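J.: Here's a structure for you.
The values are calculated or read from the model by the stated rules, or taken from the named source; none is laboratory data. Computed from a prediction, not measured in an experiment: that's the story for all the values here. No Cβ is skipped: glycine too gets one built from the backbone with ideal geometry, and neighbour counts run over all protein chains shown. Surface areas here come from the heavy atoms of the whole protein model, side chains and all, with no ligands, DNA or RNA. Shrake-Rupley method; radii C 1.70, N 1.55, O 1.52, S 1.80 Å.
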Amino acid sequence: MKYEINHVTKYSFTNMVFFEPHYLRFKPKFTPYCTLDSFDINIHPNPAGTSEFMDVENNMIHFCWFEDTHRQMVIETRTILDITDFNPFNFLVYPDENNFLPLLYTDNLKKLLAPALNAVFLSSDLIKYGEELKDASKYNTIDFLLNLTKQICADFVLESRMTGQPHEPDITFNLRKGSCRDLAWFQIQLLRYMGIASRFVSGYYYIPSEKPEFELHAWLEVYIPGAGWIGFDPSHGIVTGNDHIPIACSADHQNTMPVTGSIRGDAASELKNELKIELI
C-alpha cells in the first residue's frame, strides 16, 4: 500500500524579519517496512541556498539559508511512501539474559548508547510507579515494556498541545495528562532511570477515520540487545507498527523538531500546520 503525505508549515510575523540558517526535518527515515518513492520540498521565500545531509544520528536534514527580510516562511512537503506488512515482534532478544531486567549492555554498547541512557531527576513517587510495574511484570523485559506503555495510556489523558517543549517527567506525572511528546519523554526518562536506553521519535501516524485530523506525532524507541531499536507509543498503548512513520530520532527531543532556526528582528509570530495523510 502507498501513503501520500502533504504537510504545510507556515510561520507568519507581524514585522519584517531576517531568517538565520534553518534546519528542516521532514524527510521520513528508512525502515524495514517503508520505502520512500518520492519526496518534494518547497520553501517560500526561496532560500539563497539549500543543502541536504544526514546528521550524526542518521536523520535527513535540509539546511537552508536566506537573503533579505520577510514576513512569512512557508514549508510545503509532499511525500509518497510504499508501506509493506511488518511484524514488530519479529525479533530475538540476545543474549538470553536480557530477557529479564536489568539489561546487560556491553561496554562498547554503553559508550554508543550513552546519550540514550542519560536520565534526569525523578521523584520517589514516579520511581515507585515504574518499580511497581516492573515487579508486576516479574522483571521480564518485553512484558515490562508492554505493560508500562499500556499503563501510561490508561493512566494519563492525551491532549493536543501544538507548541512548546515536552514537560519534565514529574510535571506530566503530577498532571496525569500530556501531549504525545510529554508522554513519550515521560516514559523515556523512567526507562533511562532503570538503565534501559531510550530515544525520542518524531514522525507521522496514520489512523483510518471518516474525518481524519492529523498532526505530527511523537513516540519512543528502546534499544534491546539482539532486537535493536523497538518502538513504543504510550499515547495509544501499543508497540509501533507500519502505521508509524519516523522522521527524526534522537536522545534529545530538541534534535527532532521539524524546524530549527532563529530570526533577527522584533516581531510576534504565529505558527500554522496543515497535514493530510491519504492511503492511495
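J.: Could you please find all residues in region 233-249 being of a type outside the set (A, V, I, L, M) and either open to solvent by 40 Å² or more (accessible area, probe 1.4 Å) or in a strand (DSSP E or B) (or both)? Explain how you work it out, then say what you get.
T.: Our first condition is that a residue be of a type outside the set (A, V, I, L, M); within region 233-249, this holds for 233-237, 240-244, 246, 249.
Across region 233-249, the qualifying residues are ASP233, HIS236, ASP243, HIS244, PRO246, CYS249.
J.: Separate question: Please go through region 103-113 and give me each residue that is over 30 Å from LEU36 (Cβ atoms) and open to solvent by 50 Å² or more (accessible area, probe 1.4 Å), ordered by number.
T.: Looking only at region 103-113, we keep the residues that are over 30 Å from LEU36 (Cβ atoms), and these are 103-108, 110-111.
Once the filter is applied, which keeps residues that are over 30 Å from LEU36 (Cβ atoms) and open to solvent by 50 Å² or more (accessible area, probe 1.4 Å), region 103-113 yields LEU104, THR106, ASP107, ASN108, LYS110, LYS111.
J.: Of the residues that sit in region 8-31 and are in a loop (DSSP other than H, G, I, E, B) and among the hydrophobic types (A, V, I, L, M, F, W, C), which one is farthest from the chain's Cα centre (by Cα)? Outline the logic, then answer.
T.: Initially, region 8-31 is screened for residues in a loop (DSSP other than H, G, I, E, B), giving 20-21, 25-30.
Filter once more, keeping what is among the hydrophobic types (A, V, I, L, M, F, W, C): 26, 30.
Working: PHE26: 12, PHE30: 14 Å.
For region 8-31, the residue satisfying everything is PHE30.
J.: Among (1) open to solvent by 20 Å² or more (accessible area, probe 1.4 Å); (2) farther than 25 Å from LEU24 by Cβ, which single condition is ASN255 missing?
T.: Just one mismatch for ASN255, condition (2).
J.: Now, a different point. Please enumerate the residues belonging to region 32-49 that are farther than 30 Å from ILE280 by Cα and in a strand (DSSP E or B).
T.: The one that is farther than 30 Å from ILE280 by Cα and in a strand (DSSP E or B): GLY49.
J.: Moving on. Select from region 50-74 the residues that are over 21 Å from PRO32 (Cα atoms) and assigned to a loop (DSSP other than H, G, I, E, B) and list them in ascending order.
T.: Listed by number, the residues that qualify are PHE66, GLU67, ASP68, THR69.
J.: Looking for whichever is closer than 21 Å to TYR205 by Cα and of a type outside the set (Gly, Ala, Ser) here; the options are LEU113, LEU109, LEU36, LEU103. Which one fits?
T.: Working: LEU113 fails: closer than 21 Å to TYR205 by Cα; LEU109 fails: closer than 21 Å to TYR205 by Cα; LEU103 fails: closer than 21 Å to TYR205 by Cα.
Step by step, each of LEU113, LEU109, LEU36, LEU103 is checked, and only LEU36 is closer than 21 Å to TYR205 by Cα and of a type outside the set (Gly, Ala, Ser).
J.: Now, a different point. Just name the residue that is least open to solvent (accessible area, probe 1.4 Å) out of those in region 75-102 that are in contact with a Ser or Thr (Cβ under 7 Å, 6 or more places away or on another chain), over 28 Å from THR35 (Cα atoms) and not in a strand (DSSP E or B).
T.: So, considering only residues that are in contact with a Ser or Thr (Cβ under 7 Å, 6 or more places away or on another chain), over 28 Å from THR35 (Cα atoms) and not in a strand (DSSP E or B), the one least open to solvent (accessible area, probe 1.4 Å) is ASN98.
J.: Now for a different question. When residues of region 194-232 are filtered for being without any contact (Cβ under 8 Å) to a residue 60 or more places away in the chain, crowded, with 19+ Cβ neighbours inside 10 Å and not hydroxyl-bearing (Ser, Thr, Tyr), how many remain? Even if it seems obvious, please write down each step before you answer.
T.: In the first step, residues of region 194-232 are kept if they are without any contact (Cβ under 8 Å) to a residue 60 or more places away in the chain; the result is 200-201, 205, 207, 209-211, 213, 216-221, 229.
Going one step further and asking which of them are crowded, with 19+ Cβ neighbours inside 10 Å, we end up with 200-201, 205, 216-221.
Now narrow it down to the ones that are not hydroxyl-bearing (Ser, Thr, Tyr): 200-201, 216-221.
Looking only at that region, the number is 8.
J.: Among the listed residues LEU122, LEU148, which satisfies the condition of being part of a helix (DSSP H, G or I) and either surrounded by 13 or more Cβ atoms within 10 Å (Cβ to Cβ) or in contact (Cβ under 8 Å) with a residue 12 or more places away in the chain (or both)?
T.: Details: LEU122 fails: part of a helix (DSSP H, G or I).
That would be LEU148, the only listed residue that is part of a helix (DSSP H, G or I) and either surrounded by 13 or more Cβ atoms within 10 Å (Cβ to Cβ) or in contact (Cβ under 8 Å) with a residue 12 or more places away in the chain (or both).
J.: Say whether the condition of being open to solvent by 60 Å² or more (accessible area, probe 1.4 Å), polar (S, T, N, Q) and out of contact with any Leu (no Cβ under 7 Å at 6 or more places or on another chain) is met by at least one residue in region 155-172. Outline the logic, then answer.
T.: Let us first name the residues in region 155-172 that are open to solvent by 60 Å² or more (accessible area, probe 1.4 Å), namely 157-160, 162-163, 165, 168, 171.
From what is left, the residues that are polar (S, T, N, Q) are 160, 163, 165.
Next cut, out of contact with any Leu (no Cβ under 7 Å at 6 or more places or on another chain) only: 160, 165.
Yes, region 155-172 contains a residue that is open to solvent by 60 Å² or more (accessible area, probe 1.4 Å), polar (S, T, N, Q) and out of contact with any Leu (no Cβ under 7 Å at 6 or more places or on another chain).
J.: Please tell me if ILE280 is touching a helix residue (DSSP H, G or I) at 6+ places or on another chain (Cβ under 8 Å), open to solvent by 50 Å² or more (accessible area, probe 1.4 Å), farther than 17 Å from ILE43 by Cβ and of a type in the set (A, V, I, L, M, F, W, C). Show your work before the answer.
T.: Details: touching a helix residue (DSSP H, G or I) at 6+ places or on another chain (Cβ under 8 Å): no; open to solvent by 50 Å² or more (accessible area, probe 1.4 Å): yes; farther than 17 Å from ILE43 by Cβ: yes; of a type in the set (A, V, I, L, M, F, W, C): yes.
Spelling it out, it is not the case that ILE280 is touching a helix residue (DSSP H, G or I) at 6+ places or on another chain (Cβ under 8 Å), open to solvent by 50 Å² or more (accessible area, probe 1.4 Å), farther than 17 Å from ILE43 by Cβ and of a type in the set (A, V, I, L, M, F, W, C).
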